[in-house]
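Structure, as structure tokens:
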Amino acid sequence: MTDVRTKCIEEFKKHFQYDPTMRSYAPGRVNLIGEHTDYNDGFVMPCAIKFGTAIAAAKNNTNKMRILAVDVHGQTDEFEISKDLQKHESKLWSNYLRGVTKLICEKGHKVEGLDLVICGDVPLGAGLSSSASLEVSYGNLLSKAFDLNIPLQEIALIGQAAEAFIGCKCGIMDQTISACGQANCALKIDCRSLELTQVAVPSHLEVVIINSNVKHALVGGEYNERREQCENAAKILGVKALRDATLEQLEANKDKMDELSFKRARHVISEDNRVLEAVKAFADGNLVELAKLMYASHCSMRDDFEITIPEINAIVEIVRDTLGEKAAVRMTGGGFGGSVVAVLEPNDVQKVKDAINAKYPLIAMRDATIFETHATSGASFDLL
């Protein structure tokens, strides 16, 4: 299979009938632990993965972006560059670009027209941040193409704001790891201060992603509803965000909030604690401790945050039945479908694959797709 970095150049030549002059790339991500904590000012620990979004481009001496999205059925779009850009009625992929363009223009930056060809291999709807990968790749492209010198962490914030422009009030995790990941490291992100801590992935551990092939979509109401419930709980507890609350505080105020807000808050507060403990377990290469923390995270998402589905729960239990106390496994991503992440010793990878392939189709009436990955670098740009 052709790498997307090469493919975007080939497709550009075919579509526009001349050679591109630059190329941008940003990876997707898998979150090892810390789910729905980012918009609560908490902690997360994702890593960038070997799948991402590549964009080949050249200046076109107009005030228009002319775009081909190879992997979205070869769809095209064209729009004028403006801080007054509106969403496209049907092309969701284009709205990420429109949002990033609008926000960069609003900051007073001068952006000119480009011909663009986009190729990506992040599985869509798998909870691996194909949208963040696109936003960061495109934002960094504009920054480099027009000498805007926008720092990568600011590119990440622009990508997050583009999601809000579309209708999803997401946290900052996905765009930050896509922009700022380092090879062979997970990234602990303090989502309040945006302090980044690289955490070396122990060389004897593999990251495996198991896609349930039940697609999820975060623009739907459930995600924003969870966020509102968390904000409501923080208000009742008298804190700026749930990151500032303790489980003791929560228990003491239980009678002041409805059951759902209490459960949502319990997930977030306990999940922040688990992230900090997991950073240490990961750094120590302590797989048994990591397994306890990741499964506790999964149970909390299942029971308190209520974002898992039967197919995802089944995958987690298959891995646990196969590996016992070494099963570091949990749902990853926003929920309501998507993927499971497992951190495994290399000689356990095939055992897990065999168990999933044998048991999951009987439960879900579909196959899972299993990806082995490594922690990769974040956004990059090169002149061609």
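The values are calculated or read from the model by the stated rules, or taken from the named source; none is laboratory data. Every value quoted in this text rests on a predicted model; they were computed, and no experiment measured them. So basically every Cβ, Gly included, is an ideal-geometry build from the backbone, and we count neighbours across all protein chains shown. When the accessible area is computed, the model is the full protein with side chains, heavy atoms only, and any ligands, DNA or RNA have been set aside. Shrake-Rupley method; radii C 1.70, N 1.55, O 1.52, S 1.80 Å.
Could you go through the range 58-78 and let me know if any residue there is in contact with a Cys (Cβ under 8 Å, 6 or more places away or on another chain) and either without any contact (Cβ under 8 Å) to a residue 24 or more places away in the chain or not basic (Lys, Arg) (or both).
Yes; the residues of the range 58-78 include at least one that is in contact with a Cys (Cβ under 8 Å, 6 or more places away or on another chain) and either without any contact (Cβ under 8 Å) to a residue 24 or more places away in the chain or not basic (Lys, Arg) (or both).
So Arg302 fits all but one of (1) surrounded by fewer than 19 Cβ atoms within 10 Å (Cβ to Cβ); (2) at pLDDT 95 or above; what number is the exception?
(1)
Which of the residues belonging to the range 316-343 are over 20 Å from the mean Cα position of the chain (by Cα), buried (at least 24 other Cβ atoms within 10 Å of the Cβ) and farther than 12 Å from Met294 by Cα?
Correct list: Val319 only.
Filter the range 89-105 down to residues that are out of contact with any strand residue (DSSP E or B) (no Cβ under 7 Å at 6 or more places or on another chain) and small (Gly, Ala, Ser) and give me whichever is least open to solvent (accessible area, probe 1.4 Å).
Gly99
Can you tell me which of (1) more than 30 Å from Cys105 (Cα to Cα); (2) part of a helix (DSSP H, G or I); (3) touching a helix residue (DSSP H, G or I) at 6+ places or on another chain (Cβ under 7 Å) is the one Glu222 doesn't meet?
If we test Glu222 against (1) more than 30 Å from Cys105 (Cα to Cα); (2) part of a helix (DSSP H, G or I); (3) touching a helix residue (DSSP H, G or I) at 6+ places or on another chain (Cβ under 7 Å), just (3) comes out false.
Give the residues of the range 280-298 that are open to solvent by less than 30 Å² (accessible area, probe 1.4 Å) and either free of Cβ contacts under 8 Å to residues at least 24 places away in the same chain or closer than 21 Å to Asp190 by Cβ (or both), sorted by residue number.
Correct list: Ala281, Phe282, Leu290, Leu293, Met294, Ser297.
Name the residue, out of Ile318, Ile312, Ile307, that is β-branched (Val, Ile, Thr) and farther than 20 Å from Ala355 by Cα.
Ile307
Could you go through the range 106-118 and let me know if any residue there is surrounded by fewer than 24 Cβ atoms within 10 Å (Cβ to Cβ) and among the aliphatic types (A, V, I, L, M).
yes
Taking the criterion of being touching a residue at least 60 places away in the same chain (Cβ under 8 Å), assigned to a helix (DSSP H, G or I) and of a type in the set (Lys, Arg), would at least one residue in the range 250-264 satisfy it?
no
Against the definition (open to solvent by less than 60 Å² (accessible area, probe 1.4 Å), among the polar types (S, T, N, Q) and modelled with pLDDT of 95 or more), how does Asn224 come out, yes or no?
So Asn224 does not fit the description; no.
What number of residues within the range 108-121 satisfy the criterion of being free of Cβ contacts under 8 Å to residues at least 40 places away in the same chain and over 21 Å from Phe12 (Cα atoms)?
Number of matching residues: 2.
Quick check on the range 305-313. Is at least one of its residues out of contact with any helix residue (DSSP H, G or I) (no Cβ under 6 Å at 6 or more places or on another chain), open to solvent by 50 Å² or more (accessible area, probe 1.4 Å) and either within 22 Å of Ser270 (Cβ to Cβ) or of a type in the set (Phe, Trp, Tyr) (or both)?
Yes.
Under 8 Å between Cβ atoms, which residue pairs at least 6 apart in sequence (or on different chains) link something in the range 13-27 that is among the polar types (S, T, N, Q) with a partner that is in a strand (DSSP E or B) and open to solvent by 10 Å² or more (accessible area, probe 1.4 Å)?
Thr21/Lys59; Thr21/Leu383; Ser24/Ser380; Ser24/Phe381
Of the residues that sit in the range 314-344 and are at pLDDT 95 or above and touching a Lys or Arg at 6+ places or on another chain (Cβ under 6 Å), which one is farthest from Met173 (Cα to Cα)?
Thr322
Test of understanding: among Ile356, Ile370, Ile307, which residue is part of a loop (DSSP other than H, G, I, E, B), among the β-branched types (Val, Ile, Thr) and in contact with a strand residue (DSSP E or B) (Cβ under 8 Å, 6 or more places away or on another chain)?
Criteria check complete, one pass: Ile307.
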